[in-house]
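Only one structure is covered here, and it is reproduced in the block below.
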Amino acid sequence: MIKTLLVDDEPWTLEVIKQFGRWEEFGMEIIGEADNGRKAMEIIRCHQPQLVITDMHMPGVDGVQLLQYLDEHCGGTKVIVISGYDDFVYTRQAIRSKVHEYLLKPIDPQELNTALGKCREEIAARLEWQTPGVLDRETVAAIDAAAKRMAALLTEGEREALRGAFEELYRKFLDHEHSRALIHRVYHELWKQWEETIVLHGLEIRDPNRRWDPASADWRTTVDALRELYEQAFDKLQEERKYRNKINLRDVRQYIEQHYAEPLALESIARRFFVSKEYLSRAFKQETGWNVTDYILKLRMERAMSLLAEDSLSIKAVAGLVGYEDVAYFYRLFKKQFGVTPGEIRKSGAVVQVNKVQ
């Protein structure tokens, strides 16, 4: 049984969760309840639950602190957050702590059980993989390569090519001993790649078709279930692209201005806006007079110049804040842009007037 801990300071909420959850069906056992994070930590240390379902807003040690504890000490524990506070700080902490799902009160039984089902699958798969020597390195590498290929075909390929790739995957391991470890590994890796791809493209797929039971699935049903998942995302991506034939360059500029300090490339921006990098480059240059990469560089240098006026920040910190881990590289770019080094600007106490990008 999967040991599950419930954490909430509202008794009626705990009762609702217990009533709505299909615990027996998912092979889960509620091993404890806590009304704050401190009590939850004590139970976690004693009983090591595999799943924690927690509220965020609690007296004393709240959900944020509990998530930090779980992230630092219980990396393999799955977490579902249920909260009445649709608050950015809480949501951001949930994401940073790799929370499995973030559900808002009042609790929707279907959403709760969908999250429980997914947790059950991933916990079962992880337990299977922990068996020493189950899969050899060559098999693991082949599975990883297949997952990357499916993601590429989902983004760029045609439907028939995607279907063909799944049939190739089926035949590739047809003569392999179909241990639970192989089936679970294939499903988990391709599911993870699918999930990363839909997040990358901003696709909203609230109820993915997941007719797969880790306890009874065979090789054929596993491949078919994955193919249906990928085709569902493929259809959604094509639908999105149909309505985004004309790119909104104002949105593109706003996105760049909000994220310029992050790792940002022409290709990743083009993917986000469902266009080719060639089209984005041409349209952006025609509209703004700037190449995308030059525009990002200009924004970074403008921000760096203003940050250098703050004596409390080291030059290394300034470089990091505008997206450069390599300080020497930042120095070279800065001097090429302004004709002086960051150190010279800092020493003189003068700030070069910068012509803002329009």
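The values are calculated or read from the model by the stated rules, or taken from the named source; none is laboratory data. Bear in mind the structure is a predicted one, so any value in this text is a computation, not a measurement. All Cβ positions, even for glycine, are placed from backbone atoms using ideal geometry, and neighbour counts span all protein chains on display. Remember, those area values only see protein heavy atoms, side chains included, never the ligands or the DNA or RNA. Shrake-Rupley method; radii C 1.70, N 1.55, O 1.52, S 1.80 Å.
Cβ-Cβ distances below 7 Å connect the following pairs, each with a first residue in the stretch 136-158 that is in contact (Cβ under 8 Å) with a residue 40 or more places away in the chain, a second residue that is aromatic (Phe, Trp, Tyr) and crowded, with 16+ Cβ neighbours inside 10 Å, and a separation of six or more residues or different chains: Met150/Tyr230; Leu154/Tyr230; Leu154/Phe234.
Taking into account only those residues within the stretch 287-322 that are among the polar types (S, T, N, Q) and either in a loop (DSSP other than H, G, I, E, B) or over 19 Å from Glu257 (Cβ atoms) (or both), which is nearest to the chain's Cα centre (by Cα)? Ranking the qualifying residues of the stretch 287-322, first place goes to Asn291. Just one of the numbered conditions (1) at pLDDT below 75; (2) surrounded by 14 or more Cβ atoms within 10 Å (Cβ to Cβ); (3) under 28 Å from Phe274 (Cβ atoms); (4) under 21 Å from the mean Cα position of the chain (by Cα) is not true of Glu156: (2). Taking the stretch 78-102 as the range and being modelled with pLDDT of 70 or more, in contact with an Asp or Glu (Cβ under 9 Å, 6 or more places away or on another chain) and either part of a loop (DSSP other than H, G, I, E, B) or crowded, with 19+ Cβ neighbours inside 10 Å (or both) as the test, the residues that pass are Lys78, Val79, Ile80, Val81, Ile82, Ser83, Gly84, His100. Tell me whether the stretch 330-339 contains one or more residues that are closer than 13 Å to Leu308 by Cβ, open to solvent by less than 30 Å² (accessible area, probe 1.4 Å) and either at pLDDT 90 or above or among the aliphatic types (A, V, I, L, M) (or both). Yes. Can you tell me which residues in the stretch 12-24 are without any contact (Cβ under 8 Å) to a residue 24 or more places away in the chain and open to solvent by 40 Å² or more (accessible area, probe 1.4 Å)? The answer is Trp12, Glu15, Lys18, Gln19, Glu24.
For the stretch 340-358: of the residues being of a type outside the set (A, V, I, L, M) and assigned to a helix (DSSP H, G or I), which is modelled with the lowest pLDDT? Can you show your working first?
Initial filter on the stretch 340-358 (of a type outside the set (A, V, I, L, M)): 341-344, 346-349, 353, 355-356, 358.
Going one step further and asking which of them are assigned to a helix (DSSP H, G or I), we end up with 342-344, 346-348.
Numbers: Pro342: 89, Gly343: 88, Glu344: 88, Arg346: 82, Lys347: 80, Ser348: 77.
This residue is Ser348.
I need a count of the residues in the stretch 32-64 that are open to solvent by less than 60 Å² (accessible area, probe 1.4 Å) and within 19 Å of Glu122 (Cβ to Cβ). Counting residues in the stretch 32-64 that are open to solvent by less than 60 Å² (accessible area, probe 1.4 Å) and within 19 Å of Glu122 (Cβ to Cβ) gives 7.
Of the residues making up the stretch 33-74, those that are small (Gly, Ala, Ser) and on the phi < 0 side of the Ramachandran plot are Ala34, Gly37, Ala40, Gly63. List every residue pair whose Cβ atoms sit under 7 Å apart, with the two residues 6 or more apart in sequence or on different chains, where the first one lies in the stretch 252-263 and is touching a residue at least 60 places away in the same chain (Cβ under 8 Å) and the second, anywhere, is small (Gly, Ala, Ser) and open to solvent by 40 Å² or more (accessible area, probe 1.4 Å). If the second residue must be small (Gly, Ala, Ser) and open to solvent by 40 Å² or more (accessible area, probe 1.4 Å), no pairs are left. Criterion applied to Ile183, Ile198, Ile143, Ile107 was being touching a helix residue (DSSP H, G or I) at 6+ places or on another chain (Cβ under 8 Å), modelled with pLDDT of 75 or more and assigned to a loop (DSSP other than H, G, I, E, B), and the one residue passing it is Ile107.
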